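Step one of this worksheet: look at the structure below.
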């Protein structure tokens, strides 16, 4: 028997709970593609199923990206900085550029990978606003969710986005030039104590424990699924043409054959193979039948249990079912745990 | 020379080989599947590396000294290489996210590198301060424990140092090369998990987080890598959603890798450069080891029979073409191009670009020496003592190995 790598780790617990109870800040640079040009809006509206044209300047929107089969190949946040200028935040920029290259046709657009010149810090949790107000030139009290604004930390120009990957109602992201990130780090470190905030350093906290508790996805959860299977169909604009629409309409008519559910395991010291560590994940067995596979598995410090997601057959599973995963008893749940 | 090539397939070598064709063809139309070729390539490369490790044992007999020097030499080379654009390319190829800073993501390199060369297993833990990988199969388990130590320090700890961030120390508390059921690599950050300092080669443990090890029982172990498993869609997929097909992995290092050989070669080059050993003496040791290996490979009658069956050699072919057929299959398997100059019962001649055999510029000419000696040794037992194999150089460009198999009387045997 082995120790649970999460539950018994005080460092992980402290970092997780800082975000839930006060604030946590961390280096969280994603890949960033800047796209501009008079056809930028039209191209993005064709590439992404969620509406882009309706996005206001300074607004942001989450959307999936689909292939012609209606399957998710990326999920991104798009910031509209100006009328014809956007940032696309992704973790698969090489694939994104190749995809845009393949679909831009005669569009008058330019795009460049600005990842190397734009760092990002996440500041998340109930006290994150107070922490930011203490270091920013302009307070962010009235900044709405999924908006991005110019601001300053001392003399350093930054962009502040209200968003995050922790599920916290209050959470921000600071975009800053890499050569000035030291100033941002110093200011956050200098002020964290006053708000009980903590620097988060553990990848598993940034990416797994916080996000999973709140129903947030990784590509290991939603890659090669269709939006109906994973609950991402709600924001789709069916009044426009987009790549994958035809295939998706068929799914809409027939119903999704799979669904992404959560699961809990009461036993502490389990090992469940999941896609977030590579491969295809352990089988999920319900009533003696193989119904799907585990996409990710972690520990919910707030939930107090091992938690995860599984992509399973819709017709054979429902919330509340008991499942067996690698010999452990699990209960299928909704994806949002807290 | 008659420029006589007997009727055979494939006439145009290379065009019919991977990745354009799902199989390799012997001169007698026997197909060797992509699946078999992939496995053959990894085991062959491991066997060559095993011989190079014997070379190393002759030159540095003391185990601790040998391991330390191999670890240090490989570590220097890896750290240097991964501090350049080469390291950035690897990050991109593995889908490492920009916010991932620290030695832990090297564990992903280890994972993808393992699966690429047939070392199937699973990642059990992947975090900033601890990572754990468990391997079920390792073709390199015939090399001995040195290679486990070198790959752990040189291939993991050193590469992770090249990237900076929160550091990790990689250990291998279990190793198939030592007879364990699994290989197990555990990476730990020493600030979080303190342990006494040790020499770089002393990396079999103990580790601080032994109580977190997740052990897979034998009945649940994998026999094949993701790219050969149906449930994986015949693709390797890492935890950051980077996918590669078997064909992509085969042609991007799966078949051509010389893991183990390169570890030894890097130190041998350093030793030659520092005049610790002369190139002539080194070549003599390599020749002795590989010639013996070649002779031994077909010394038993059943080994000859097995090879003939595998290649589909007709019963009446009992000459240099048998060895030629074997060499062609090896060359196709490791994706080395070659041209058939002669292929008849009197003589077999190939032109092989040096790069196809050497595969690492820094190691030249060690692999050429090794293969020539090994194939020469094989000629004596696979075909017969009247037969020989040698490199012809007259009128041949330096970057081409003209390989000749024919009868030869040589009173001095070298």
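The values are calculated or read from the model by the stated rules, or taken from the named source; none is laboratory data. Keep in mind that what you see is a predicted model, and the values were worked out from it rather than measured. Please note: Cβ atoms are built from the backbone with ideal geometry, for glycine as well, and neighbour counts cover all protein chains shown.
Only one entry in A:200, A:153 is buried (at least 24 other Cβ atoms within 10 Å of the Cβ) and in contact with a helix residue (DSSP H, G or I) (Cβ under 6 Å, 6 or more places away or on another chain), namely A:200. Residue B:302 fulfils the conditions (1) more than 14 Å from chain A (Cβ to nearest Cβ); (2) crowded, with 21+ Cβ neighbours inside 10 Å; (3) in a helix (DSSP H, G or I) except for a single criterion, (2). The residue that is farthest from the other protein chains (Cβ to nearest Cβ), counting only those in segment B:89-125 that are under 23 Å from residue A:28 (Cβ atoms) and assigned to a strand (DSSP E or B), is B:102.
Selection of segment A:320-338 for residues being farther than 16 Å from residue A:273 by Cα and either in contact with a strand residue (DSSP E or B) (Cβ under 6 Å, 6 or more places away or on another chain) or outside any loop (DSSP other than H, G, I, E, B) (or both) yields A:321, A:322, A:331, A:332, A:333, A:334, A:335, A:337.
Looking across segment A:301-312, the residues that are over 10 Å from residue A:261 (Cα atoms) and touching a residue at least 12 places away in the same chain (Cβ under 8 Å) come down to A:301, A:302, A:303, A:305, A:306, A:307.
The residues of segment A:1-43 include none that are free of Cβ contacts under 8 Å to residues at least 40 places away in the same chain and in a strand (DSSP E or B). Before we move on, is residue A:265 over 23 Å from residue B:120 (Cα atoms), touching a helix residue (DSSP H, G or I) at 6+ places or on another chain (Cβ under 6 Å), more than 14 Å from chain B (Cβ to nearest Cβ) and crowded, with 16+ Cβ neighbours inside 10 Å? For residue A:265, the condition - over 23 Å from residue B:120 (Cα atoms), touching a helix residue (DSSP H, G or I) at 6+ places or on another chain (Cβ under 6 Å), more than 14 Å from chain B (Cβ to nearest Cβ) and crowded, with 16+ Cβ neighbours inside 10 Å - is not met. Just one of the listed residues (A:129, A:80, A:46, A:61) is more than 22 Å from residue B:98 (Cβ to Cβ) and either modelled with pLDDT under 95 or in a strand (DSSP E or B) (or both), and it is A:80. Filtering segment A:244-257 to residues that are surrounded by fewer than 20 Cβ atoms within 10 Å (Cβ to Cβ) and either within 14 Å of chain B (Cβ to nearest Cβ) or touching a residue at least 24 places away in the same chain (Cβ under 8 Å) (or both) leaves A:245, A:246, A:247, A:250, A:251, A:252, A:255, A:256, A:257.
If you go through segment B:34-62 and keep only what is part of a helix (DSSP H, G or I), without any contact (Cβ under 8 Å) to a residue 40 or more places away in the chain and closer than 19 Å to residue B:266 by Cβ, you end up with just B:57. Just a yes or no: is a residue in segment B:198-208 closer than 17 Å to residue A:9 by Cβ and surrounded by fewer than 22 Cβ atoms within 10 Å (Cβ to Cβ)? Scanning segment B:198-208 turns up at least one residue that is closer than 17 Å to residue A:9 by Cβ and surrounded by fewer than 22 Cβ atoms within 10 Å (Cβ to Cβ).
The requirement of being on the phi < 0 side of the Ramachandran plot, outside any helix (DSSP H, G or I) and at pLDDT 95 or above is satisfied by residue B:342. Sort out which residues of segment A:205-235 are more than 13 Å from every other protein chain (Cβ to nearest Cβ) and in contact (Cβ under 8 Å) with a residue 60 or more places away in the chain, and write them in order of number. A:210, A:212, A:213, A:214, A:215, A:226, A:227, A:229, A:230, A:231, A:232, A:235 - these are the residues of segment A:205-235 that are more than 13 Å from every other protein chain (Cβ to nearest Cβ) and in contact (Cβ under 8 Å) with a residue 60 or more places away in the chain.
Within segment A:177-204, being within 14 Å of chain B (Cβ to nearest Cβ) and part of a strand (DSSP E or B) holds for one residue alone: A:199.
Within segment A:295-311, is even one residue surrounded by fewer than 22 Cβ atoms within 10 Å (Cβ to Cβ), touching a strand residue (DSSP E or B) at 6+ places or on another chain (Cβ under 6 Å) and more than 14 Å from chain B (Cβ to nearest Cβ)? Within segment A:295-311, one or more residues are surrounded by fewer than 22 Cβ atoms within 10 Å (Cβ to Cβ), touching a strand residue (DSSP E or B) at 6+ places or on another chain (Cβ under 6 Å) and more than 14 Å from chain B (Cβ to nearest Cβ).
If I filter segment A:98-116 for residues that are within 14 Å of chain B (Cβ to nearest Cβ), at pLDDT 95 or above, within 17 Å of the chain's Cα centre (by Cα) and buried (at least 16 other Cβ atoms within 10 Å of the Cβ), do I get at least one hit? No, every residue in segment A:98-116 fails to be within 14 Å of chain B (Cβ to nearest Cβ), at pLDDT 95 or above, within 17 Å of the chain's Cα centre (by Cα) and buried (at least 16 other Cβ atoms within 10 Å of the Cβ).
Per the conditions (1) within 18 Å of residue A:88 (Cα to Cα); (2) buried (at least 23 other Cβ atoms within 10 Å of the Cβ); (3) out of contact with any strand residue (DSSP E or B) (no Cβ under 7 Å at 6 or more places or on another chain), the sole criterion not satisfied by residue A:63 is (3).
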